[in-house]
Amino acid sequence: MNTGTQSGQSLPARAGLGLKPEHIGEIIATEPEIGFFEVHAENYMGDGGAPHRTLSEIVARYPLSLHGVGLSIGAERPLDKAHLARLRRLIDRYQPQSYSEHLAWSTHDAGFLNDLLPLPYTNRTLARVSAHVDEVQQAVGRRMLLENPSTYILFEDSTIDEIDFLDAIAERTGCGLLLDVNNVMVSAINHRLDPFAYIDRFPVERVGEIHLAGYDETVDGAGDRLLIDAHNSTVADDVFSLYRHTIGRTGPVPTLIEWDNDVPAFAVLLAEATRAEAVLDEAALRRDARFSRRA
């Protein structure tokens, strides 16, 4: 087990938002009440310029979560050392309270794909991903979180359940988990599974952050319901119900509202964060009441 160097920091157990360029001026001017902001690491890997000037202003005011989308941690090929070096410089520069990556692959040979693609859950894949997670944590000098995927197909050669696969990676490497509740709903509906049963089995003690997002809905060739992880709308009511159930198991956990496409006015995002924050506040009150009774 190899966890790297711990940062000694953590995100507050509040609701946060993805930082969008079109909102930065308003955020800096008004300093809204929000728990944290999250950015995609690859958008800030240049050496300077306006992105770093504005991010520096945000980090001076709010905690930061750094979320990677291009490392391709599940790929067959070795991790990109130059990418890891850029990631380390970014982490050293901003000292984010959280750093996370996807359980997915997006590279093949010398090419990059515009999707986060799923993996077969086998012992061979488990060994490869665990080795990559270890390498990442050593390279960046801290513990990372690994996010559960949204999936649309299942692999016939998978021999390990997804939850057991994620738990085994965390056990081998010491990494934490990022629980994307929208991804759970998307995958469960697409594969005719029970999303609440998934949450009930999930190793919530390993969860360092939660993601919420909106999905698109269509039907497949058989006329069955098909969900797409679109990040372009408010959190659906069924996902929000699943989130309440999740927080009932985890207690208050930092929760991000993801909205990456068709980005609305900042007030719309803030309303979504306020909705999630109310659930976190309720959970904190229940926790405090239990502690008071024990005292």
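Some notes on this structure:
- Verdict on T218 being of a type in the set (V, I, T), without any contact (Cβ under 8 Å) to a residue 40 or more places away in the chain and over 16 Å from T250 (Cα atoms): yes
- Flag for Y243 being in a helix (DSSP H, G or I), in contact (Cβ under 8 Å) with a residue 60 or more places away in the chain and aromatic (F, W, Y): yes
- Hey, D194 in contact with a helix residue (DSSP H, G or I) (Cβ under 7 Å, 6 or more places away or on another chain), surrounded by fewer than 17 Cβ atoms within 10 Å (Cβ to Cβ) and farther than 27 Å from A265 by Cα or not: yes
- In the condition set (1) open to solvent by less than 10 Å² (accessible area, probe 1.4 Å); (2) more than 13 Å from L146 (Cα to Cα); (3) within 18 Å of the chain's Cα centre (by Cα), I210 is compliant with all but (2).
- Annotation note: Cβ proximity below 6 Å between a residue of the range 52-64 that is over 17 Å from G16 (Cα atoms) and of a type in the set (S, T, Y) and a residue that is open to solvent by less than 40 Å² (accessible area, probe 1.4 Å) and assigned to a helix (DSSP H, G or I) (sequence gap 6+ or interchain) occurs for T54/I24.
- Selection within the range 9-45 - at pLDDT 95 or above, exposed (fewer than 14 other Cβ atoms within 10 Å of the Cβ) and assigned to a loop (DSSP other than H, G, I, E, B): E31, E33
- Helices (runs of 4 or more DSSP H) (entirely within the range 114-218) containing at least 1 residues that are in contact with a Phe, Trp or Tyr (Cβ under 9 Å, 6 or more places away or on another chain), over 19 Å from Q97 (Cα atoms) and aromatic (F, W, Y): 162-173
The values are calculated or read from the model by the stated rules, or taken from the named source; none is laboratory data. Computed from a predicted model, the values in this text were never measured in an experiment. When we count neighbours, we look across all protein chains shown, and the Cβ atoms used for this are built from the backbone with ideal geometry, even at glycine. Quick note on the areas: whole protein, heavy atoms, side chains included, nothing else; ligands and nucleic acids left out. Shrake-Rupley method; radii C 1.70, N 1.55, O 1.52, S 1.80 Å.
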